[in-house]
Amino acid sequence: MSRLVPESDAGGATVTDSGEAAAPSARIGEVVDGLRAALGDGLIAHHYSARDAWVRVAPGSWREAARVSRELGLSYLSFVSAIDWKQAPGLGGEKLWDPDAEEGDAPGDGPGRWLTGVAGGETRFQVFARLHDVVRHVGLTLKVDAGDGPDGPGGGAPRAESWVPLFRGADWHERECWEMYGIEFDGHPGLRHLYLPGEFEGFPLRKDFPLLAREVKPWPGLVNVEGLPGEDEPTESGDVEPE
Amino acid sequence: MSVSEQQKAAYVAGQAADARVRFELETEGMTLNIGPQHPATHGTLRVIVRLDGEQVVWADPVAGYMHRGYEKLCEVRDYAQVTTLVNRIDWLGSFCNEVPFILAAEELMGIEAPPRAQYIRTVLFEMGRVANLTLFLGDMAAQVGALTPVFYAFRDREYVLNLIEAATGGRFHPNFDRIGGLKEDLPKGWIDETKLVMRKIRHFCDEIDDLLIGNRIFEERCRGIGVIPRDVALEYGLSGANARASGIDWDLRRDEPSVLAWKDADWKVWTHPDGDSFARYWVRQQEVRESTRIVEQLLDGLPSGPIRAKTPARIRVPAGETYVHTENPLGEMGYYVVSDGSPGGPFRCKIRTPSFSNVSIVPWLLRGVYVPDVITILASLYFILGDIDR
């Protein structure tokens, strides 16, 4: 499985079920340990960086993870958002993924089909959220797999449990996720458009949603703009020759 | 007709007239559309309110009139180009938008800017806050009908913007922060001029004090209006002065370890226990004063040295994830940056903007308030539309 974490980092720090790596601070370690004690197998993996912590939970434990975190003091909801791990066409012009290709032609089929980030992941879509303790100043990023969506068996929308029953502020964040990624939140009081007009079709932040400006003029566009009068002509490499 | 009979007749006529008015002006279930263009909305926010008489029974803010899709655009630009975009999120304090993104990129690359650059960053950050909140201090007064503070605010904000322009070349969109440091050093004579302007800003705060604090109209329109309790504020993710006005003693400048220079200045985080419109106004006013003091102290202790660390000619950010947030004028602003190690831009860049959460409380907060208070409450929450819509 391809990882976004540098090998040296990933080897030592992402741990499944055992706390090998040291927490950046004792307070963050307490929160992660508290979550593991309450969720058991529901907590799949955790990851520590030099100053931050990530936790990935099972889809069935998503709301429970929020409830436990809140009891542990992380009562401030920073945001809820999502990510699409499908590999996108690169900026350098090379196409990693071609929308016209036949099914199965995509380079990322089979194991390692999707990229993964810190604390791992198995599906194309992930929902992640950030909670904060404003008294003890501890922050934590929680992640949950939301399914493969249209690329999964049987298609369908990616799903996750809603946090609205716990955090009323999750309402807008989840509406935005639904609008941008098409993720259905079970238990949300009414998923409707937040930014886009009601008749909008498609999910703009999915990696396979084309950005029209880039289709018309591939990146990086015109690099060397026309020189000012009296300036030297740009050379082949784009640098102006020194006098 | 005796006097008492006349009184009796007048009373009966009055009752009849009242009944008629109640019948004809049946107002239950009336829907009022505030905006998208309204001076209190700082852009184009539309709020649909359903009224029972003068009272709001239901409110729904409609965002998206200014949605520019920055999260998608970030994915198709390289790291150096992103600062140009994010300048336009909170356009009144735009340098503040660049800083957390650059800090996130620096953290992923393992680069740290030299001390002088960190100091100048912090100074410009606080000046962005002064420029931003000064306008609020005037604008809030305009929403209750006092026009003088607005002109004072525009007058004094201009001094700050001139200085930001002198240092960065841009009044509203500096685009000055770079991975590893800053674009340029400060111009000659800038430091003395800035100290002078910071004194002017404190004088402006004193003028506002004279005009508004204790003013009967202002106090009656703001005290006890739009009260947000502490736990509700946390649940909705309110941050910045809106949270501190509800008694939440939390400021990322003080409470989060940062490479920026706030820790080197002596200043105070102000909170207010009331949680009403007045508290939000008062906290911001104190914050402007504190910011001017931070600027002065940092300029006094400005270290010498380079303003840019050595960076590769082509920025290539290694694979990884990070979340960096700072205390922006409007509240907690953060960038969750995911890099896949490719030479291009971020794989995913979630932009956590303070106004988004601050406005999501509006349906809860407006329930039961009277129509004139809707405007003062919206003004006191202080949001920038670019910051909601991104």
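The values are calculated or read from the model by the stated rules, or taken from the named source; none is laboratory data. Because the structure is predicted, anything quoted here is derived from the model rather than measured. Heads up, the Cβs are rebuilt from the backbone with ideal geometry, glycines too, and the neighbour counts pull from every protein chain shown.
Annotation note: of B:R289, B:R293, B:R280, B:R221, the sole residue that is under 20 Å from B:M333 (Cα atoms) and touching a residue at least 12 places away in the same chain (Cβ under 8 Å) is B:R280. None of A:R130, A:R136 is touching a Lys or Arg at 6+ places or on another chain (Cβ under 8 Å) and part of a loop (DSSP other than H, G, I, E, B) except A:R136. Selection of first residues in the stretch B:26-53 that are within 15 Å of B:L381 (Cβ to Cβ) and of second residues that are surrounded by 14 or more Cβ atoms within 10 Å (Cβ to Cβ) and modelled with pLDDT under 65, restricted to Cβ pairs under 7 Å at least 6 apart or on distinct chains, gives the following pairs, ordered by first then second residue: B:G35/B:T41. Identify the residue in the stretch B:163-198 that is without any contact (Cβ under 8 Å) to a residue 12 or more places away in the chain and assigned to a helix (DSSP H, G or I) and, among all such residues, is farthest from the chain's Cα centre (by Cα). Once the filter is applied, the top-ranked residue is B:D192.
Those helices (runs of 4 or more DSSP H) of the stretch B:219-331 in which at least 3 residues are under 30 Å from B:A105 (Cβ atoms) and in contact with a strand residue (DSSP E or B) (Cβ under 9 Å, 6 or more places away or on another chain), considering only elements entirely within it, cover B:241-244, B:252-255.
Residue under question is B:R46, and the condition is that it be within 18 Å of A:P197 (Cβ to Cβ), surrounded by fewer than 19 Cβ atoms within 10 Å (Cβ to Cβ) and at pLDDT below 85; does it hold? Yes: the conditions hold for B:R46.
Does B:Y79 meet the test of being of a type in the set (S, T, Y), in contact with a Cys (Cβ under 9 Å, 6 or more places away or on another chain) and within 22 Å of B:Y323 (Cα to Cα)? Spelling it out, it is not the case that B:Y79 is of a type in the set (S, T, Y), in contact with a Cys (Cβ under 9 Å, 6 or more places away or on another chain) and within 22 Å of B:Y323 (Cα to Cα). Might you check whether a residue that is part of a helix (DSSP H, G or I) and within 14 Å of chain B (Cβ to nearest Cβ) occurs anywhere in the stretch A:25-47? Yes: the stretch A:25-47 contains one or more residues that are part of a helix (DSSP H, G or I) and within 14 Å of chain B (Cβ to nearest Cβ). Residues that are closer than 30 Å to B:G110 by Cα and basic (K, R) within the stretch B:160-194 comprise B:R178, B:K183, listed in sequence order. Please work out if B:D231 is of a type in the set (D, E) and either closer than 30 Å to B:L182 by Cβ or in contact with a Pro (Cβ under 6 Å, 6 or more places away or on another chain) (or both). No: the conditions fail for B:D231. Being surrounded by fewer than 24 Cβ atoms within 10 Å (Cβ to Cβ), free of Cβ contacts under 8 Å to residues at least 60 places away in the same chain and either more than 21 Å from B:G237 (Cα to Cα) or more than 10 Å from every other protein chain (Cβ to nearest Cβ) (or both), is that true of even one residue in the stretch A:122-144? So far as the stretch A:122-144 goes, yes, one or more of its residues are surrounded by fewer than 24 Cβ atoms within 10 Å (Cβ to Cβ), free of Cβ contacts under 8 Å to residues at least 60 places away in the same chain and either more than 21 Å from B:G237 (Cα to Cα) or more than 10 Å from every other protein chain (Cβ to nearest Cβ) (or both). When B:V338, B:V362 are checked against the criterion of being free of Cβ contacts under 8 Å to residues at least 24 places away in the same chain and within 14 Å of chain A (Cβ to nearest Cβ), a single residue qualifies: B:V338. Annotation: A:A45 fulfils all but one of (1) modelled with pLDDT under 90; (2) over 30 Å from A:E215 (Cα atoms); (3) in contact with a helix residue (DSSP H, G or I) (Cβ under 9 Å, 6 or more places away or on another chain); the unmet one is (3). Evaluated against (1) touching a residue at least 60 places away in the same chain (Cβ under 8 Å); (2) within 9 Å of another protein chain (Cβ to nearest Cβ); (3) surrounded by fewer than 23 Cβ atoms within 10 Å (Cβ to Cβ); (4) not polar (S, T, N, Q), B:E332 falls short on exactly one condition, (3). Among the residues making up the stretch B:341-355, those that are farther than 17 Å from B:I102 by Cβ, at the interface with chain A (Cβ under 7 Å from one of its Cβ atoms) and not small (G, A, S) are B:P343, B:R348.
I'm checking my understanding of the structure. Among residues of the stretch B:75-88 that are over 10 Å from B:G344 (Cα atoms) and not aliphatic (A, V, I, L, M), which one is surrounded by the most Cβ atoms within 10 Å (Cβ to Cβ)? Only one residue tops the list, namely B:T83.
Quick check, is B:F136 closer than 16 Å to B:V86 by Cβ, part of a helix (DSSP H, G or I) and among the hydrophobic types (A, V, I, L, M, F, W, C)? No, not satisfied. Could you give me the residue pairs with C-beta distances under 6 Å whose first residue belongs to the stretch B:82-94 and is hydroxyl-bearing (S, T, Y), whose second residue is assigned to a helix (DSSP H, G or I) and buried (at least 22 other Cβ atoms within 10 Å of the Cβ) wherever it lies, and which are 6+ apart or on separate chains? Hits for this filter: B:T83/B:E98.
When the residues of the stretch A:74-121 are filtered to those that are over 16 Å from the mean Cα position of the chain (by Cα), modelled with pLDDT of 60 or more and within 9 Å of chain B (Cβ to nearest Cβ), the one that is surrounded by the fewest Cβ atoms within 10 Å (Cβ to Cβ) is A:S75. Evaluated against (1) more than 14 Å from chain A (Cβ to nearest Cβ); (2) at pLDDT below 90, B:S291 falls short on exactly one condition, (2). Of all the criteria given as (1) over 26 Å from A:D52 (Cα atoms); (2) more than 14 Å from chain A (Cβ to nearest Cβ), the one not satisfied by B:W262 is (1).
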